[in-house]
Structure formats: structure tokens, C-alpha cells
Amino acid sequence: MKKEIRQFLHLLRELQKIDQEFPLQYAVCLTEISLDEGLSLTKLSEKTGMALSTISRIVGALSKHRQKGAPYGLVNVKISTKERRRKELYLTTKGKAIICSIAEIIA
């Protein structure tokens, strides 16, 4: 059991490398995006159970538009080529590196 707790603590510290106060909701969204790149804001809202307005704010912070402080640059938001109103979410190189670090911890 101690091994699992240490892994969990290591995972939390990895998230703190992004930001000392990196919110858990941000980590959940980042992980969902990594599992299904190209998903829409609406789909992310459904998967996480968070309101669309909350998802929009979180994705803004994870990408280039954080309200307070520097944005994280972990997610790219692209307009769908099929549906102009749909925004698709993809990990940046930096986002992929974070997810790879996390995957190594829990492997």
C-alpha cells in the first residue's frame, strides 16, 4: 500500500511542476483530452460532469487564455474543419510531455 501512496504523491508532485497550485479539475480535463484528442468542449463537459462555462474557462487556462496568471500552454484549441462552431482540443508538445511523465509514474 505504501508503494501506491508514494506513486500517488509522486504524481501530485509532477502536477505541481506545472503550477504549485494546479487545480485538480484542470488535471482531470487534461487527462480526458489526452485520452480522446480532438474532442469538443461539449464532449469534455459531458465526460467530466462540469458545466460548459467551467470547461471553457479551464480550457482557456490550459491553452493560451488564462484569466489570472500565465496560461499553461498544454492544450491547442482548433476550429473543426467540418463544423465551424465546434472547437476541438489537442495536446501541445508540452502537454504530451506532462502526460508521458504521469504515465511513467503510474506504470
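The numbers here are math on the coordinates, done by the rules we state, and not lab data. What you see is a predicted model; the values in this text were computed from it and never measured. Glycine also receives a Cβ, built like all others from the backbone with ideal geometry; neighbour counts cover every protein chain displayed.
If amide hydrogens are placed 1.01 Å from N in the peptide plane, which non-local residues have theirs closer than 5 Å to the one on Leu39?
Here the answer is Leu89, since their amide H atoms fall under 5 Å of that of Leu39.
Convert each backbone phi in region 86-94 into a coupling constant with the Karplus relation 6.51 cos²θ - 1.76 cosθ + 1.60 (shift: θ = phi - 60°), then list the ³J(HN,Hα) values in order as whole Hz, x for Gly and Pro.
Along region 86-94, the couplings run 8, 9, 9, 10, 9, 6, 7, 4, 5 Hz.
Which is the longest stretch in the chain that no exposed loop site breaks, taking sites as GluC sites (Glu not before Pro) with a DSSP loop state and at most 15 other Cβ atoms within 10 Å?
In short, 38-82.
Relative contact order (percent) for the chain, with alpha-carbon contacts under 8 angstrom and 6 or more residues of separation?
28 percent
Report Rg(Cα)/(2.2 N^0.38 Å) for region 23-98, keeping two decimals.
So region 23-98 has a normalised radius of gyration of 0.99.
Scan the chain and report its longest stretch carrying no trypsin sites (Lys or Arg not before Pro) that are both in a DSSP loop and have at most 11 other Cβ atoms within 10 Å.
So the longest stretch without any such site is 1-67.
Treating the beta-carbon of each Lys and Arg as +1 and of each Asp and Glu as -1, no other charges, what is the dipole magnitude of the chain about its Cα centre, to the nearest 20 debye? Intermediate values should be presented prior to the final figure.
Numbers: 19 positive and 11 negative charges, 63 e Å.
With Lys and Arg at +1 and Asp and Glu at -1, about 300 debye.
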